[in-house]
Structure formats: structure tokens, C-alpha cells
Amino acid sequence: MVLELLNKITTNKYIHSTILLLVFYLVSQLFVLLTQKIILKITKKTKTEIDDLIVSKTSKPISFILLIIGLRLAIIPHPIRPYLLDIIEHVISTLIIGIITYVIIVIFDILIINWGKKFASKTESKVDDEIVVLFQRFSRIILSFIGIIFILDAWGIKVGPLLASLGIVGIAVAFALQNTLGNIFGGVSLIVDRSITVGDFIRLDEQTEGFVTDIGLRSTKIKSRDGDLIILPNGKLADSKIYNYHKPLPTTRIVIDFGVKYGSDVENVRKIILNEILNIKTILKDPAPIVVFDEFGDFALKFKAYFWVESIEKRVEVKEAAITAIYNTLNNNKIGIPFPTRTVYLTGEK
């Protein structure tokens with residue numbers, strides 16, 4: 001009796017297919033259970049969260065692949081017309097390729113987001129969030145495109161001519177968006193190189209200088225000393241010579257030129273000016289200030305005072321205080337400060 005029942009089960013195609021499909025369903029559910037209960041517990045003991053996210057988000061899609069394979073094996077024993085069997089084969093291949101593409105996209109998303117968190121922790125700009133999102137979307141488009149190519153190939157469609165036409169379209173789009181893409185990649189290069197950061201005082205030329213207030217994906221905003229907002233495209237900024245007064249250190253040097261009349265004691269001038277500069281509290285003692293006798297001028301002995309301040313923000317007020325101190329010191333010590341003079345000789349005619 002039992003043998004007859006087993007014989008009917010093995011010879012009956014429908015029962016055989018049903019049992020086979022049920023077995024693969026149980027295997028897929030067992031796979032999900034093992035990954036959620038055992039493998040996930042193992043990955044949680046690691047230092048990184050990447051493996052936890054990958055296991056939790058890919059276990060169910062992979063189980064669907066097992067179920068689809070079981071469905072394909074269950075269909076084999078049944079007599080199906082060739083054209084219908086081809087359609088079923090194409091549909092099953094499409095489902096498997098689609099799920100595999102989805103799994104790869106999920107893994108890339110997890111890796112990119114994890115990289116983005118580490119990248120964002122090293123920068124002060126908000127543009128890093130835009131870069132991560134842009135990179136994430138770009139990877140999704142590329143991976144989806146690759147998946148579509150495999151699906152078309154599974155349906156017997158030749159992708160060569162299609163790729164050639166898409167390449168031409170891509171070139172045309174790239175030319176049309178050349179400036180925009182240049183600004184975007186310029187912003188990415190500024191962030192990756194860390195040549196400037198928010199809060200830095202930079203100068204491009206005599207008319208363009210100020211504090212960086214924001215580094216966007218397409219443009220950078222600079223606030224000038226007068227309070228004006230300067231917006232520069234990142235493409236232009238990345239190709240410019242940038243003077244960054246906050247890197248590698250925020251300290252900056254100030255140079256003051258002054259002159260005294262001929263006949264003055266050079267050593268005495270150097271000594272009293274240096275003592276006066278050292279008395280200004282906002283001037284750094286390291287590096288030490290120096291006063292040098294620079295040259296013989298047309299109408300004066302020319303000196304230069306070199307000293308350092310903590311940051312560019314204090315440059316104006318400290319320079320003004322130092323110039324005032326130098327002028328008062330020279331006057332108090334009866335050292336003449338000459339001004340340009342010209343002697344004209346007149347000869348009378350006989």
C-alpha cells in the first residue's frame with residue numbers, strides 16, 4: 001500500500017512538482033532563518049555595522065532566488081509548447097538577474113553610506129552629503145544599466161548597436177552639460193583635496209577675497225570684508241591660484257615699512273621699534289618679531305618690521321596698532337620721519 005502510494009507520488013508529475021516547489025520554499029525559509037538567527041548574531045560581534053546591514057538586507061532577496069530556481073525545476077517535467085517554454089525561461093532569467101542586480105545595488109548603497117559617514121566626519125562642509133548622494137545615485141544608475149543589458153541579452157536582444165547609440169547620446173549630453181559637470185567635479189575636487197574649508201580666509205586676486213561661508217556642489221560662497229557675498233563657480237575656483245591664509249596654520253605675518261631721516265642711529269631705531277612691537281600683546285612672541293634695515297632710500301633710511309598674529313581676523317587692528325606705536329615712538333625719541341622732497345636749481349639768464 002505504501003509502495004503504491006510512493007509510486008504514484010513519484011510518477012505523478014503534478015505531485016512531484018508540488019513537492020519539489022514545497023521543498024525549495026522550505027529551503028528558502030530555512031536560509032532566511034539561518035541568516036537572521038545565526039549569521040546575523042556572528043556579524044553583530046564584529047566592530048563594523050557593514051556586515052550586519054548586508055546580511056539583514058540581502059537574505060530575503062537571495063531566498064527568492066532559491067524559490068525561483070525551485071519553480072523552474074518544478075516546470076521541467078511538464079510538457080509545454082516550445083514558444084511558451086522560451087517565454088517562461090526568459091521570465092525566470094529576468095527575475096533572477098533583477099534580484100541579483102538589486103542585491104548588488106543594496107551592497108553598494110551600504111558601502112557608500114558607510115564611506116560617506118567617515119568622509120563627512122572629516123569635513124565641515126555640507127557638500128559632502130551631496131557628494132555621497134550623487135555618488136550613490138550614479139552607482140545605482142550604472143548597476144541598473146548593467147542589469148538591463150544582461151536582461152536584454154537573456155531575451156536574445158543584441159545590445160551592441162544599442163550601446164553604440166547610447167554612447168553617442170551620452171557624448172551629446174556631456175557636451176551640453178559641460179559647464180555644470182565641470183562645476184560639480186570642481187566642488188568634489190575641492191572637498192577631496194581639502195584645499196579650502198568653511199571659515200578659511202582666501203584671496204584669488206585684489207578684488208576677490210574673504211571668508212568661505214559655504215562650499216556647495218556647484219558653487220562656493222565667500223563673504224568679503226565689506227560684508228558682500230561673492231559666489232564663484234567651483235570649476236573656476238578649482239582652476240584658480242588660491243591664497244589660503246588659514247592653511248597650513250591660521251597665523252599670518254604682517255610687514256610694516258617705515259623710514260627715518262639720514263643721520264639717524266640705525267641700531268637705536270631698530271632697538272626702540274622692536275621693544276615697542278614686543279609690548280603689543282596681540283603680537284605673537286613665537287615666531288619672534290624682527291626689525292631690519294632694508295635699504296638706502298632716495299630721501300630716507302628704509303626699515304621693515306616683521307611680526308606675526310594669531311589669525312587673519314586680527315590683521316587689520318594689529319597692523320593699525322603697530323603703525324601708531326611706531327609713529328609715536330619715533331616722535332617721542334626725536335627721530336625724524338622724512339617726506340619726499342625735491343630741490344630745484346634755477347639759473348638766471350645774462
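The values are calculated or read from the model by the stated rules, or taken from the named source; none is laboratory data. All values reported here derive from a predicted model rather than from experimental measurement. Note that we place each Cβ from the backbone using ideal geometry, even for glycine, and neighbour counts take in every protein chain shown.
Tabulated results
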quantity	calculated
Matching residues, the stretch 258-305, being touching a Gly at 6+ places or on another chain (Cβ under 9 Å) and among the polar types (S, T, N, Q)	Ser264
Residues located in the stretch 317-346, provided they are in a helix (DSSP H, G or I), of a type in the set (A, V, I, L, M) and over 45 Å from the mean Cα position of the chain (by Cα)	Ala325, Ile326, Leu330
Checking Val291 against (1) surrounded by 14 or more Cβ atoms within 10 Å (Cβ to Cβ); (2) in contact with a Leu (Cβ under 8 Å, 6 or more places away or on another chain); (3) touching a residue at least 40 places away in the same chain (Cβ under 8 Å), the condition it does not meet	(3)
Thr220, sole failed condition from (1) among the β-branched types (Val, Ile, Thr); (2) under 30 Å from Asn332 (Cα atoms); (3) not in a loop (DSSP other than H, G, I, E, B)	(2)
Only one of Leu85, Leu30, Leu3, Leu40 that is of a type in the set (A, V, I, L, M), in a helix (DSSP H, G or I) and modelled with pLDDT of 75 or more	Leu30
The stretch 301-348, subset among the β-branched types (Val, Ile, Thr) and at pLDDT 90 or above, residue surrounded by the fewest Cβ atoms within 10 Å (Cβ to Cβ)	Thr324
Any chance Ala288 is of a type in the set (A, V, I, L, M, F, W, C) and in a loop (DSSP other than H, G, I, E, B)	yes
Of residues in the stretch 198-235 being crowded, with 17+ Cβ neighbours inside 10 Å and charged (D, E, K, R), the one modelled with the lowest pLDDT	Arg218
Subset of the stretch 301-316 [in a strand (DSSP E or B) and either without any contact (Cβ under 8 Å) to a residue 40 or more places away in the chain or closer than 17 Å to Ile272 by Cα (or both)]	Leu301, Lys302, Phe303, Lys304, Ala305, Tyr306, Phe307
Identity of the residue in the stretch 259-300, in contact with a Ser or Thr (Cβ under 8 Å, 6 or more places away or on another chain) and more than 27 Å from Tyr245 (Cα to Cα), that ends up modelled with the lowest pLDDT	Phe299
Unmet criterion (only one of (1) surrounded by fewer than 16 Cβ atoms within 10 Å (Cβ to Cβ); (2) at pLDDT 80 or above; (3) hydroxyl-bearing (Ser, Thr, Tyr)) for Ser195	(2)
Filter result for the condition that a residue is at pLDDT 80 or above and out of contact with any Lys or Arg (no Cβ under 8 Å at 6 or more places or on another chain), over Val127, Val132, Val103	Val103
Among residues of the stretch 141-160, those that are modelled with pLDDT under 80 and either in contact with a strand residue (DSSP E or B) (Cβ under 9 Å, 6 or more places away or on another chain) or not hydrophobic (A, V, I, L, M, F, W, C) (or both), counted	3
From the options Ser240, Ser264, residue that is assigned to a loop (DSSP other than H, G, I, E, B) and within 26 Å of Phe201 (Cα to Cα)	Ser240
The stretch 325-338 residues that are within 15 Å of Lys271 (Cα to Cα), paired with ones that are in a loop (DSSP other than H, G, I, E, B) (beta carbon under 7 Å, 6 or more apart)	Ala325/Ile280; Leu330/Ile337; Ile335/Ser264
Qualifying positions in the stretch 257-316 - within 41 Å of the chain's Cα centre (by Cα) and among the charged types (D, E, K, R)	Lys281, Lys285, Asp286, Glu310, Glu313, Lys314, Arg315
Matching residues in the stretch 9-27 - criterion: being modelled with pLDDT of 80 or more, of a type outside the set (Val, Ile, Thr) and over 30 Å from Ile110 (Cα atoms)	Leu22
